[in-house]
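The values are calculated or read from the model by the stated rules, or taken from the named source; none is laboratory data. Predicted model only: the values in this text are computed from it and were never measured. Glycine also receives a Cβ, built like all others from the backbone with ideal geometry; neighbour counts cover every protein chain displayed. Areas reflect the complete protein model, heavy atoms only, side chains present, ligands, DNA and RNA absent. Shrake-Rupley method; radii C 1.70, N 1.55, O 1.52, S 1.80 Å.
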Amino acid sequence: MTTWTERYAGALMNTFGPPKMALVRGEGAHVWDEHGTEYVDFLGGIAVNTLGHAHPGLVKALSEQVATLGHVSNFFTTPAQVELAERLLALLVPDAEGRVFFCSTGAEANEAALKLSRLTGRSHVVAMEEAFHGRTMGSLSLTAKAAYREPFEPLPGGVTWVPFGDADALAAAVTDETAAVVIEPLQGEAGVNVAPTEYLRAARRITTEAGALLWFDEVQSGMGRTGSWLASHPSGVVPDLVTLAKGLGGGMPIGALIGVGEAASMFDPGQHGTTFGGNPLSCSAALAVLEAIESEGLLERATVVGDRLRAGLAEDPRVVDVRGVGVLVGLSLAEEKAPAVVAAAQDAGFVLNATGPRRVRLAPPLVVTDADVDALIGAWPGILDAAEVGSPDGPGEGSG
Ligand SMILES: *Cc1c(COP(=O)(O)O)cnc(C)c1O
């Protein structure tokens, strides 16, 4: 009998490499493959499944919405769209005047922000060397990584890259021709790197002085994943632009650009748009996510369960560094064995992800339980054994 993964190769473009398995069902932080094997999902669809799988609140909201009104176009609005925009502004920028533009993905939210930044009359953008902002031509133009960019050049230009966290380098790169500075307050794809609070504050000072927009890409770090609505919230820094997507819809495709202050009203009618943006299905899903985060205390939970996870994984000496905030967790291994660790974890019944040769990322649903976390921590030494990860001071230590 052919499996779904075998049939995939004959029908799907090979943009992602072969799928690791075919999943057929999920519940909470657990998923099942086509053979009925159960896994604990510590990836959460890459920081998307905020409420895990088949959350009753999400199921109810989507079922009711699709049975009432599924799509209307942007000639019209819907209660779900307006309510979501109001709630996002109240939660994310409570002390400022803001407006929301809805789209369907993170890359599209960044495209919208990049286009908006051109309306300053300037076109220079400063981005971070290890940043990831998406795969469309505009969002890709912000990415420094040669392997992602080069096959698709020429890309929109005028981008300068600076090292993440270096305020002096940022100050030197920003001029009176800079339209925007784009920062992930917590870099996800780069392997989970947290921007120091002082860096975000310096970025605010530097951009304000130069008359440039400060743009936080919180596509991965936003919507409660770090124990705050935005990863940048604890810094107190209010940016001009915030982009969101992944966790916002709990699995339904939705992205958003929030403009604050003057940036809230820079787009005029006809300058930007998208057919699916703000459709009632995605918006009612996002409202259900917000509702569950509040009613189930999931911000507090993200902090508690994330700390438990980091502490447990760090106990093994073959883990040389553990990073992140809340349930966005990155760790570095003593050797370049991250793909082998991900494979060994899957054999042991856990879904993890490698962001580099030594780097493992975990982004479980906010509803992951202590028992789920303890199961991984209990299995962790055996997973590292199976992947043959050496200890930092043992023979055969890896480098790089
Ligand atoms: C995933 C991601 C994107 C791109 O989002 P897509 O929905 O894949 O287009 C942009 N920025 C950051 C920080 C991301 O993690």
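Couple of notes before you dig in:
- Residue check for L114: open to solvent by less than 30 Å² (accessible area, probe 1.4 Å), in a loop (DSSP other than H, G, I, E, B), touching a residue at least 40 places away in the same chain (Cβ under 8 Å) and within 16 Å of D217 (Cβ to Cβ): no
- Qualifying residue in the range 91-98 (condition: of a type outside the set (K, R), outside any helix (DSSP H, G or I) and touching a Leu at 6+ places or on another chain (Cβ under 8 Å)): yes
- Of the residues making up the range 18-71, those that are small (G, A, S) and within 16 Å of the ligand (Cβ to nearest atom) number 3.
- Residue check for G158: more than 16 Å from the ligand (Cβ to nearest atom) and either open to solvent by 20 Å² or more (accessible area, probe 1.4 Å) or in the same structural domain as L248 (by TED's automatic domain parsing) (or both): yes
- Residue in the range 125-138 that is more than 13 Å from the ligand (Cβ to nearest atom) and touching a residue at least 40 places away in the same chain (Cβ under 8 Å) present: yes
- Filter result for A256 (more than 16 Å from the ligand (Cβ to nearest atom) and small (G, A, S)): no
- Only one of the numbered conditions (1) outside any loop (DSSP other than H, G, I, E, B); (2) surrounded by fewer than 22 Cβ atoms within 10 Å (Cβ to Cβ) is not met by V126, and that is (2).
- Sole residue being of a type in the set (G, A, S) and free of Cβ contacts under 8 Å to residues at least 40 places away in the same chain, chosen from G247, G236, G227: G236
- Residues that are outside any loop (DSSP other than H, G, I, E, B) and surrounded by fewer than 18 Cβ atoms within 10 Å (Cβ to Cβ) within the range 333-352 comprise P339, A343, Q346, D347, listed in sequence order.
- Residue match in the range 21-33 (condition: assigned to a helix (DSSP H, G or I) and open to solvent by 30 Å² or more (accessible area, probe 1.4 Å)): no
- Checked against the criterion of being part of a helix (DSSP H, G or I), among the charged types (D, E, K, R) and free of Cβ contacts under 8 Å to residues at least 60 places away in the same chain, the candidates D374, D385 yield just one match: D385.
- Residues in the range 139-150 that are within 24 Å of V237 (Cβ to Cβ) and within 12 Å of the ligand (Cβ to nearest atom): S139, L142, T143.
- Whenever a residue of the range 60-77 is in the same structural domain as S284 (by TED's automatic domain parsing), its partners that are surrounded by fewer than 11 Cβ atoms within 10 Å (Cβ to Cβ), lying with C-beta atoms within less than 8 angstrom and at least six residues away or across chains, give the pairs S73/T275; N74/T275.
- If the condition is being touching a His at 6+ places or on another chain (Cβ under 7 Å) and more than 15 Å from the ligand (Cβ to nearest atom), then the range 102-119 contributes only K115.
- Residue match in the range 84-104 (condition: touching a Ser or Thr at 6+ places or on another chain (Cβ under 9 Å), under 19 Å from S232 (Cα atoms) and either crowded, with 24+ Cβ neighbours inside 10 Å or not assigned by TED's automatic domain parsing to the domain that holds C283 (or both)): no
- Flag if V82 is among the aliphatic types (A, V, I, L, M), more than 16 Å from the ligand (Cβ to nearest atom) and assigned to a helix (DSSP H, G or I): yes
- Whether a residue is charged (D, E, K, R), more than 16 Å from the ligand (Cβ to nearest atom) and surrounded by 19 or more Cβ atoms within 10 Å (Cβ to Cβ) was assessed, and R310 passes this test.
- One residue stands out among those in the range 223-235 that are touching a Lys or Arg at 6+ places or on another chain (Cβ under 8 Å) and among the small types (G, A, S): the one that is farthest from the ligand (Cβ to nearest atom), which is S235.
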